[in-house]
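Participant: Sharing a structure here in structure tokens format.
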Amino acid sequence: MTTYVPLLIMIAAAIVLAAGGLVLSAVLSPNRYNRRKLENYECGVEATPNAGGAGRFPVKYYLTAMTFIIFDVEVVFLYPWASSFKSLGAFSLFAMLIFLALITVPFIYEWRRGGLEWD
């Protein structure tokens, strides 16, 4: 049991820091709400006015976000694989080829939807 004490202390410290940050931000932050602050906001993209109360955002915004997510997933898997390529062997090469084939499906979908056209 004594080998787990440092781990339990780190978990407790992480919980205290996370909870403390949430509590401090709730207590110390200004709570001045106005109409402008409560409006929908998506990274500078204006909502469509005829969408009712919620507001609609262009699909282009989400396609751009999907591009970055695909790139992130690709880099997360490709970088470690490329750094230890020589020691992994042929099985890893075929596994990565399958992964690359599967990751092209969202790229093709996004290309067909017009997400790669920067008008």
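The values are calculated or read from the model by the stated rules, or taken from the named source; none is laboratory data. A quick note: this is a predicted structure, and the numbers were derived from the prediction, not measured. We place every Cβ from the backbone using ideal geometry, glycine too, and count neighbours over all the protein chains shown. Only protein heavy atoms, including side chains, enter the accessible area calculation; ligands, DNA and RNA are left aside. Shrake-Rupley method; radii C 1.70, N 1.55, O 1.52, S 1.80 Å.
Participant: Contour minus end-to-end for Leu7 and Met66, with contour as 0.36 nm per residue of separation and end-to-end as the Cα-Cα distance?
Facilitator: On the way: separation 59, 0.36 × 59 = 21.24 nm, distance 3.69 nm.
Between Leu7 and Met66, full extension yields 17.5 nm more.
Participant: I've got another one for you. Grab the eigenvalues of the alpha-carbon gyration tensor for the stretch 58-106, scale each by 5, take roots, and send me the semi-axes largest first in whole angstrom.
Facilitator: Working: eigenvalues 153, 26, 3 Å².
Semi-axes (√(5λ), whole Å): 28, 11, 4.
Participant: Please list Leu102, Leu93 from largest to smallest accessible area, probe radius 1.4 Å, with all protein chains kept in place.
Facilitator: Values: Leu102 115, Leu93 65 Å².
Ranked list, largest accessible area first: Leu102, Leu93.
Participant: Applying 1/(1 + (r/R0)^6) with R0 = 35 Å to the Cβ-Cβ distance of Val27 and Arg113, what FRET efficiency is obtained, to the nearest 0.05? Intermediate values should be presented prior to the final figure.
Facilitator: Values: r = 45 Å, r/R0 = 1.28.
About 0.20, to the nearest 0.05.
Participant: Follow-up. Output ³J(HN,Hα) for the stretch 86-99: one whole-Hz value per residue in order, computed from phi by the Karplus curve 6.51 cos²θ - 1.76 cosθ + 1.60 with θ = phi - 60°, and x for Gly and Pro.
Facilitator: 5, 8, 8, x, 6, 4, 5, 5, 5, 5, 6, 5, 5, 4
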